[in-house]
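**Student:** First the structure, then my questions, so here it is.
The numbers here are math on the coordinates, done by the rules we state, and not lab data. Values in this document were obtained by computation on a predicted structure and should not be read as measured data. Cβ placement follows ideal geometry from the backbone for every residue including glycine, while neighbour counts extend to all protein chains displayed.
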Amino acid sequence: MSFTKLSLVFDDGLARLEFANPECGNPIDGVLCAEIAEAAIQISENPTVRCVLVTAQGKAFSFGGDVSSFIADLDSLPLNIKRWTTTLHSGIARLQRMNAPIVAAVQGVCVGGMSGFVAGCDIVVAADNARFVAAYAGIGFSCDAGSSIMYTRRMGAGRARKFLMLNETLLAPDALAAGLVDEIVANDDLAARAETIARQIAAGPTAAFGEIRRLLNSVHDQPLETQLELEAQALARIARSADAREGITAFAGKRAAVFKGC
């Protein structure tokens, strides 16, 4: 499919996923949900991808859900929500399960489901003008887009509960203190800093990153003994990889490892 509300470019190990509807504030609607699902399919099936860099055009990262599209037909809203989340959630799940980590660069306001989407990224770099808005309770809604999971993983259940139920807005320093973002930079430096991090990750051991991502995703679901066995099985798989052998050989030879992502 061709994309109309996002851009996807594969560039030397990076998948550049950019939300591209800045005139409207990059809102989440049915079209964008379907495009995120398709982008996730293309990214997850491209063997050259070693990191995903998520950005957004315009002054705002995203205004969140397109409330104007909700009002157009309130009676059909429950049906439409199930349609939209079918595609959006499948895309989020695929992005979470692949090997390549995700880096997000966030400027301006980031609201609702898009804030939850960003919280699911492995590294979040925020501009000093970034604002993260819970939004859902403000319109009488519960949350979607993985928000309940991603906020809890990043901030802890108690802080996530307060953020969502009090419909909070977190400025960049508060988001950093809460664990929602990993780093704050000047707005003018945002693109360069996110690019540097993404390039560093793309040069790393991608298969090992994938195992780490999946282990961190299961840490709250499994008893201790099961999680320990998952770690052992993952490490044994990685020990067979070319990157692991390169890493060990480079360490022994006192040189920098050159990872190929396999």
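**Student:** Classify segment 114-262 as rounded, prolate or oblate from the Cα gyration tensor: take a ≥ b ≥ c as the square roots of its eigenvalues, call it rounded if a/c is under 1.5, otherwise prolate when a/b beats b/c and oblate if not.
**Tutor:** oblate
**Student:** Taking the Cα atoms of the chain, report the difference between the largest and smallest coordinate on each principal axis, in whole Å and largest first.
**Tutor:** Taking the Cα atoms of the chain, the three principal extents are 63, 40, 37 Å.
**Student:** What GluC sites (Glu not before Pro) does segment 13-63 have in DSSP loop regions with at most 12 other beta carbons within 10 Å?
**Tutor:** The qualifying sites are Glu45.
**Student:** Are there chymotrypsin sites (Phe, Trp or Tyr not before Pro) in segment 119-153 that DSSP puts in a loop and that have at most 16 other Cβ atoms within 10 Å, and which ones?
**Tutor:** Answer by residue number: Phe141.
**Student:** Could you give the size of the charge dipole of the chain about its Cα centre, using +1 on the Cβ of each K and R and -1 on the Cβ of each D and E, expressed in debye and rounded to the nearest 20?
**Tutor:** In debye, rounded to 20, the chain gives about 660.
**Student:** Can you list which of the GluC sites (Glu not before Pro) found in segment 174-261 are DSSP loop residues with at most 11 other C-beta atoms within 10 Å? Don't skip to the end; give the middle numbers.
**Tutor:** Working: sites: Glu183, Glu195, Glu211, Glu225, Glu229, Glu231, Glu246; in loops: none.
Passing sites in segment 174-261 do not exist.
**Student:** Sort out the exposed loop trypsin sites (Lys or Arg not before Pro) in the chain (DSSP loop, at most 15 other Cβ within 10 Å) and tell me the longest stretch that has none.
**Tutor:** Answer - 60-239.
**Student:** Kindly provide the helix-only [θ] at 222 nm of the chain, computed as the sum of -39,500 (n - 2.57) over DSSP H runs of four or more divided by all residues, to the nearest 500 deg cm²/dmol?
**Tutor:** Numbers: 11 runs with 127 residues, N = 262.
Calculated mean residue ellipticity at 222 nm is -15000 deg cm²/dmol.
**Student:** Based on DSSP, what percent of beta bridges with both residues in segment 6-202 are antiparallel, to the nearest 5? All intermediate terms of the calculation are to be shown ahead of the outcome.
**Tutor:** Working: 9 of 30 bridges.
Bridges in segment 6-202 that DSSP calls antiparallel: roughly 30 percent.
**Student:** Okay, next question. Extending each Cα 7 Å along its Cβ direction at Gln227 and Ile139, get the distance between those two points in nm, one decimal.
**Tutor:** Roughly 3.6 nm, to one decimal.
**Student:** Could you tell me, in Å, what Rg and Dmax come out for the Cα atoms of segment 206-252?
**Tutor:** Over segment 206-252's Cα set, Rg and Dmax evaluate to 12.1, 37 Å.
**Student:** Okay, next question. Pop out the ³J(HN,Hα) list for segment 219-236 in order, Karplus 6.51 cos²θ - 1.76 cosθ + 1.60 with θ = phi - 60°, rounded to Hz; leave Gly and Pro as x.
**Tutor:** 4, 8, 9, 10, x, 3, 4, 5, 5, 4, 5, 4, 4, 5, 5, 5, 5, 5
**Student:** So if we plug the beta-carbon distance of Val219 and Arg245 into 1/(1 + (r/R0)^6) with R0 = 22 Å, what FRET efficiency do we get, rounded to 0.05?
**Tutor:** Efficiency, from the Cβ-Cβ distance: 0.20.
**Student:** Using all C-alpha to C-alpha distances in segment 45-148, build P(r) with 10 Å bins and read off the rounded percent in each one.
**Tutor:** 14, 42, 33, 10, 1
**Student:** Hey, which lysines would be in cross-link range of Lys5, C-alpha to C-alpha under 26 Å, not counting anything within fewer than 8 residues on its own chain?
**Tutor:** Lys5 reaches Lys59, Lys82.
**Student:** List the residues whose amide H sits under 5 Å from the amide H of Gly65, counting only those 5 or more places along or on another chain, with H placed 1.01 Å from N in the peptide plane.
**Tutor:** The answer is Ile28, Gly113, Met114.
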